[in-house]
Amino acid sequence: MLHWSPNRWQLAEDLGALLRLTVRNGTVVTPQGSYSADVECEDGRITALVAAGESSGADEEIDASGLLVFPGFIDPHVHSRDPGLTEKEDFAHSTRAAAAGGVTTIFEMPNAIPPVSDVSVFRERAEQHARVAFVDFGLWAISLGRENLGEVAALVEEGAVGVKLFWGTRCIVRPSSSSTTSPTSRRRT
């Protein structure tokens, strides 16, 4: 489940009217291919792709001649460290930087303090981030092995975009005693 940023559309709301933007003469890149077109936007959302030069009625125009035009990028692996280690970065600044770089959606990793390991933390984090986000976002959940294994299904149902596994430090796999190439059968010299 994506969480929509209320700050993303604040400018249009402040002006009390819909903003119409046309990006003209660019090479539009879509999953179906690249082609010359104008992109019409209203209130921050793409409303139409029209043949180059056929768009009209915009409040603002951008000439994208010689440029590639993308609808927005997704960064699926972001660590803002918010809450907990905000001296490194906080969510508001992380999402502002994303927007400045053309990223319109981020997926926030779960290993902040506290980690997103249960539904109550997930909900709290989503509400906290929604207040300051400048792009749309999704939240990863975390699996801490047996500590929260029972929570994983509920986190996915709540809308986690994925589950990060941190099993290595808590789960030791011992190979069978018949294995001659296992790390436990080797001796350090």
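Here are some notes:
- Region 14-86 holds strands (runs of 3 or more DSSP E) entirely within its bounds, and those carrying 3 or more residues that are hydroxyl-bearing (Ser, Thr, Tyr) map to 20-30, 33-42.
- Criterion (hydrophobic (A, V, I, L, M, F, W, C), at pLDDT below 95 and part of a loop (DSSP other than H, G, I, E, B)) met by exactly one of Val173, Val161: Val173
- Residue satisfying condition, being over 21 Å from the mean Cα position of the chain (by Cα) and either at pLDDT below 95 or surrounded by 12 or more Cβ atoms within 10 Å (Cβ to Cβ) (or both), within set Gly53, Gly44: Gly53
- Residue match in region 41-61 (condition: closer than 21 Å to Thr30 by Cβ, of a type outside the set (A, V, I, L, M) and without any contact (Cβ under 8 Å) to a residue 12 or more places away in the chain): yes
The values are calculated or read from the model by the stated rules, or taken from the named source; none is laboratory data. Keep in mind it's a predicted model, so treat the numbers as computed, not measured. Reconstructed Cβ throughout: ideal geometry from the backbone, glycine too, with neighbour counts over all protein chains shown.
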